[in-house]
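Comments concern the structure below.
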Amino acid sequence: MVVMAWLSCRGSDAMSVIGLRLRQVLVRQSPMRQGVGRKLVIGIPYLWLALFFLVPFLIVLKISFSNVQLSMPPVEPILVFAANQVVQLRIHLANFSFIFGDSLYVAAFSNSIKVAGISTLLALLLGYPMAYGIARVRGTLRNILFLLVVLPFFTSFLLRVYAWIGLLGRNGPLNALLMQIGVIHEPIQLLQTDFAVYIGMVYSYLPFMILPLYAAIEKQDLTLLEAAADLGCRPVRAFFSVTLPLTKEGIFAGCLLVFIPAVGEYVIPALLGGPDTLMIGRVVWDEFFANRDWPVASALSIILLALLSGLVLLLQRVQAAEKSAS
Amino acid sequence: MKQKRSLVVLSAMCFGFVFLYLPLLMMIIYSFNASRLVTVWDSAHSPTLAWYRELWTNEEILSAAKLSFKIAALNAVGAVILGTLAAFSLERYTRFRGRTIFALLTTAPMVLPEVITGLSLLLLFVALQQLFGWPSGRDATTITISHITFSMAYVVVVVQSRLATVDRALEEAAMDLGARPWKVFFLITLPLIAPAIASGWVLSFILSWDDIVITSFVSGPGSTTLPQLVFSKVRLGVSPDINALATILVAGVSVGVMLLGLGMVHRDRRKNREARAVLVPES
């Protein structure tokens with residue numbers, strides 16, 4: 001998706017499309033041969049995705065309705081072959097009622113949304129002026145700045161989060177700096193706090209925010225700003241009444257690109273957050289690995305999926321609109 | 001007024017780039033620190049290459065890196081093949097049954113929380129093992145399959161947008177001259193989309209090389225990748241040899257991206273020169 005943002009726009013040639021249609025009508029290909037090739041081209045990736053992406057979700061759904069039992073795998077089958085050749089379907093909704101009844105899980109969900117929301121807002125506040133600055137620079141400098149934004153995306157995510165552990169530590173450089181300038185007198189706890197999680201989130205997902213914003217700002221017709229200035233509009237007002245509304249698709253796409261992965265994030269809260277930083281990705285992980293409660297982990301995943309799928313569809317619509325606009 | 005606004009933009013940019021690069025810079029500096037206490041600079045014995053030397057002799061890290069490299073390379077090949085096929089289907093066959101679901105399936109792995117993807121893949125492998133006896137346990141194979149599944153989505157995006165810019169007239173001309181569809185693909189389309197396929201390969205490699213969450217779900221006891229090793233070490237706190245490892249990885253990627261960027265700038269310049277040569281006839 002990030003890649004999509006920095007790929008240049010397409011120029012589809014209407015004539016060649018018409019030409020293709022004509023050719024399809026005029027020149028009859030042997031239908032068998034083309035049919036087989038076409039089926040293979042579509043079929044192979046389709047089958048792969050169906051087997052390794054669609055079916056797994058059905059299994060998660062199935063297990064979310066089942067009970068824990070001491071075995072491997074640690075779940076009760078929901079289809080049971082009873083004595084008199086009757087197949088019983090045992091669906092338990094207990095996992096879901098358990099989750100909604102337990103304040104821990106509810107808190108984990110609401111806290112994930114809160115943390116992701118604040119991180120998205122912070123990333124927007126920092127990312128917008130950066131994208132704006134890069135889009136308004138010309139020539140080689142723009143390419144360099146652009147590369148500097150993209151570069152962290154290619155370096156290890158894990159190591160970038162790790163870098164903050166050293167920086168935020170009790171004896172780390174940030175504490176030392178704050179003491180030097182006299183803001184604090186003794187080291188404060190920065191690591192294992194929500195503050196550290198926000199920093200980690202903004203740090204990791206900032207490129208996702210900047211790229212669609214950059215694409216939107218770069219597209220803007222600068223003569224509109226000149227027109228606004230000619231009509232006596234001040235630059236600040238021109239920004240808020242011309243540039244900002246024109247880039248709202250970019251803002252929307254950037255926010256979704258940061259918010260969606262941030263909600264389910266595991267690594268950042270696990271490394272930078274404290275034991276009380278409840279986030280849903282972490283809870284799913286712990287339920288699965290520590291408690292070995294596969295059904296509850298599955299049920300939590302299903303709920304998270306339901307929460308996010310609306311946003312994912314929204315994102316697709318925004319990107320499709322962007323595509324057709326360009 | 002204009003001054004004021006550009007001041008805001010300028011300071012945000014300065015802050016932003018310092019924010020993006022300061023942590024990496026600190027990590028690199030401290031990788032040369034002699035002290036085992038990572039945050040204390042031992043000026044008497046630094047800079048030192050001790051941690052790099054230790055890294056080189058650490059069998060555990062070396063074998064994990066080897067495994068990660070193997071998985072990442074294999075994954076990139078698989079993702080490029082499947083992703084290109086999928087991109088071709090979506091871009092060239094505008095109408096077939098289940099196209100909407102197909103389009104959704106190709107993009108969803110990019111945005112889904114990794115915890116969910118990992119969990120679901122593991123449950124699939126367990127179910128398959130119960131039903132068919134394959135895969136027997138979880139190892140590099142299950143990791144590679146999982147990585148292909150999520151990284152092919154990125155290949156689809158890159159290749160599809162490149163395919164859309166390919167001039168169809170070239171393909172049509174070849175077909176009109178009697179070339180069969182597969183021949184048209186290999187002789188005309190493939191060379192045209194080769195740059196996108198190459199960047200898809202690199203992207204898939206990096207995604208796999210870097211993945212920790214999905215890998216943790218689908219890996220077995222005998223298969224520990226480099227990110228898994230780093231993660232288990234990092235959870236216990238900062239360690240100087242990880243700083244050294246990070247420095248090597250960051251430096252490698254930076255040089256690669258920098259070269260790519262220089263190539264891009266160079267190509268732009270050449271294009272501009274050529275365009276100017278056409279427009280402005282030599283006197």
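For segment B:150-160, a residue qualifies if it is open to solvent by less than 20 Å² (accessible area, probe 1.4 Å) and either within 11 Å of chain A (Cβ to nearest Cβ) or in contact with a Gly (Cβ under 6 Å, 6 or more places away or on another chain) (or both), and the qualifying residues are B:F150, B:M152, B:A153, B:V155, B:V156, B:V157, B:V158, B:V159. Show the residue pairs that are 6+ apart or on different chains and have beta-carbon atoms under 6 Å apart, the first residue being within segment A:128-147 and free of Cβ contacts under 8 Å to residues at least 12 places away in the same chain, the second being in a helix (DSSP H, G or I) and of a type outside the set (V, I, T). Pairs that qualify, where the first residue is free of Cβ contacts under 8 Å to residues at least 12 places away in the same chain and the partner is in a helix (DSSP H, G or I) and of a type outside the set (V, I, T), are A:P129/B:A12; A:L147/B:G261.
Filtering segment B:127-149 to residues that are within 11 Å of another protein chain (Cβ to nearest Cβ), open to solvent by less than 10 Å² (accessible area, probe 1.4 Å) and among the β-branched types (V, I, T) leaves B:T142, B:T149. Scanning segment B:181-216 for residues that are open to solvent by 30 Å² or more (accessible area, probe 1.4 Å) and not in a helix (DSSP H, G or I) gives no hits.
When the residues of segment B:90-100 are narrowed to those that are free of Cβ contacts under 8 Å to residues at least 12 places away in the same chain and more than 8 Å from chain A (Cβ to nearest Cβ), which ends up most open to solvent (accessible area, probe 1.4 Å)?
In the first step, residues of segment B:90-100 are kept if they are free of Cβ contacts under 8 Å to residues at least 12 places away in the same chain; the result is B:93-100.
Then keep just the ones that are more than 8 Å from chain A (Cβ to nearest Cβ); that gives B:94-95, B:97, B:99-100.
On the way: B:T94: 89, B:R95: 204, B:R97: 224, B:R99: 68, B:T100: 114 Å².
This residue is B:R97.
Would you call A:V202 in contact (Cβ under 8 Å) with a residue 60 or more places away in the chain, surrounded by 17 or more Cβ atoms within 10 Å (Cβ to Cβ), within 11 Å of chain B (Cβ to nearest Cβ) and assigned to a helix (DSSP H, G or I)? Yes, satisfied. Taken together, the residues in segment B:224-240 that are open to solvent by 10 Å² or more (accessible area, probe 1.4 Å) and either among the small types (G, A, S) or modelled with pLDDT under 90 (or both) amount to 7. Report yes if some residue within segment A:225-244 is under 24 Å from the mean Cα position of the chain (by Cα) and either modelled with pLDDT under 90 or within 30 Å of A:Q189 (Cα to Cα) (or both); otherwise report no. Looking for residues that are under 24 Å from the mean Cα position of the chain (by Cα) and either modelled with pLDDT under 90 or within 30 Å of A:Q189 (Cα to Cα) (or both), one finds at least one in segment A:225-244, hence yes. For segment B:241-283, a residue qualifies if it is acidic (D, E), open to solvent by 40 Å² or more (accessible area, probe 1.4 Å) and within 19 Å of B:A65 (Cα to Cα), but none of them does. All of B:L62, B:L85, B:L49 fail the test of being away from chain A (no Cβ under 12 Å), within 22 Å of the chain's Cα centre (by Cα) and over 27 Å from A:L191 (Cα atoms), apart from B:L62. Any residue at all in segment B:147-169 that is more than 24 Å from the chain's Cα centre (by Cα) and part of a helix (DSSP H, G or I)? Within segment B:147-169, one or more residues are more than 24 Å from the chain's Cα centre (by Cα) and part of a helix (DSSP H, G or I). Among the numbered conditions (1) surrounded by 11 or more Cβ atoms within 10 Å (Cβ to Cβ); (2) part of a helix (DSSP H, G or I); (3) not basic (K, R), the only one that B:G220 does not meet is (2).
Of all residues in segment B:240-256, those that are among the polar types (S, T, N, Q) and within 8 Å of chain A (Cβ to nearest Cβ) total 2. Restricted to segment B:170-183, and to residues there that are within 35 Å of the chain's Cα centre (by Cα) and of a type in the set (D, E, K, R), the residue that is nearest to the other protein chains (Cβ to nearest Cβ) is B:E172. Filtered by the rule that a residue be facing chain B (nearest Cβ under 9 Å), open to solvent by 40 Å² or more (accessible area, probe 1.4 Å) and more than 28 Å from A:E265 (Cα to Cα), segment A:113-148 gives A:R136, A:T140, A:N143, A:I144.
Filtered by the rule that a residue be among the acidic types (D, E) and outside any helix (DSSP H, G or I), segment A:206-232 gives a lone residue, A:D221.
Is segment A:188-196 home to any residue that is assigned to a loop (DSSP other than H, G, I, E, B), among the acidic types (D, E) and open to solvent by 20 Å² or more (accessible area, probe 1.4 Å)? For segment A:188-196, residues assigned to a loop (DSSP other than H, G, I, E, B), among the acidic types (D, E) and open to solvent by 20 Å² or more (accessible area, probe 1.4 Å): absent. Just one of the listed residues (B:S208, B:S199) is closer than 30 Å to A:R292 by Cβ and more than 7 Å from chain A (Cβ to nearest Cβ), namely B:S208. Looking only at segment B:184-196, residues that are more than 23 Å from B:G78 (Cβ to Cβ) and at the interface with chain A (Cβ under 9 Å from one of its Cβ atoms) come to 0 in all. Those helices (runs of 4 or more DSSP H) of segment A:234-326 in which 1 or more residues are away from chain B (no Cβ under 11 Å) and either without any contact (Cβ under 8 Å) to a residue 12 or more places away in the chain or open to solvent by less than 20 Å² (accessible area, probe 1.4 Å) (or both) occupy A:248-263, A:267-272, A:294-325. Among the conditions (1) more than 30 Å from B:L123 (Cβ to Cβ); (2) in a helix (DSSP H, G or I), B:G178 misses just one, which is (2).
Figure legend. Inter-residue proximity from segment B:177-198: first residues closer than 27 Å to B:L260 by Cα and touching a residue at least 40 places away in the same chain (Cβ under 8 Å), second residues of a type outside the set (V, I, T) and open to solvent by 50 Å² or more (accessible area, probe 1.4 Å), beta-carbon distance below 6 Å, spacing 6+ or different chains. Indicated pairs: B:I193/B:R162. Is at least one residue of segment B:112-124 within 27 Å of A:L308 (Cβ to Cβ), at the interface with chain A (Cβ under 7 Å from one of its Cβ atoms), open to solvent by less than 20 Å² (accessible area, probe 1.4 Å) and not in a helix (DSSP H, G or I)? Yes, some residue in segment B:112-124 is within 27 Å of A:L308 (Cβ to Cβ), at the interface with chain A (Cβ under 7 Å from one of its Cβ atoms), open to solvent by less than 20 Å² (accessible area, probe 1.4 Å) and not in a helix (DSSP H, G or I).
The values are calculated or read from the model by the stated rules, or taken from the named source; none is laboratory data. Because the structure is predicted, anything quoted here is derived from the model rather than measured. Ideal geometry is used to build each Cβ from the backbone, glycine not excepted, and the neighbour counts take in all protein chains shown. Heavy atoms of the whole protein, side chains included, go into the accessibility calculation; ligands, DNA and RNA do not. Shrake-Rupley method; radii C 1.70, N 1.55, O 1.52, S 1.80 Å.
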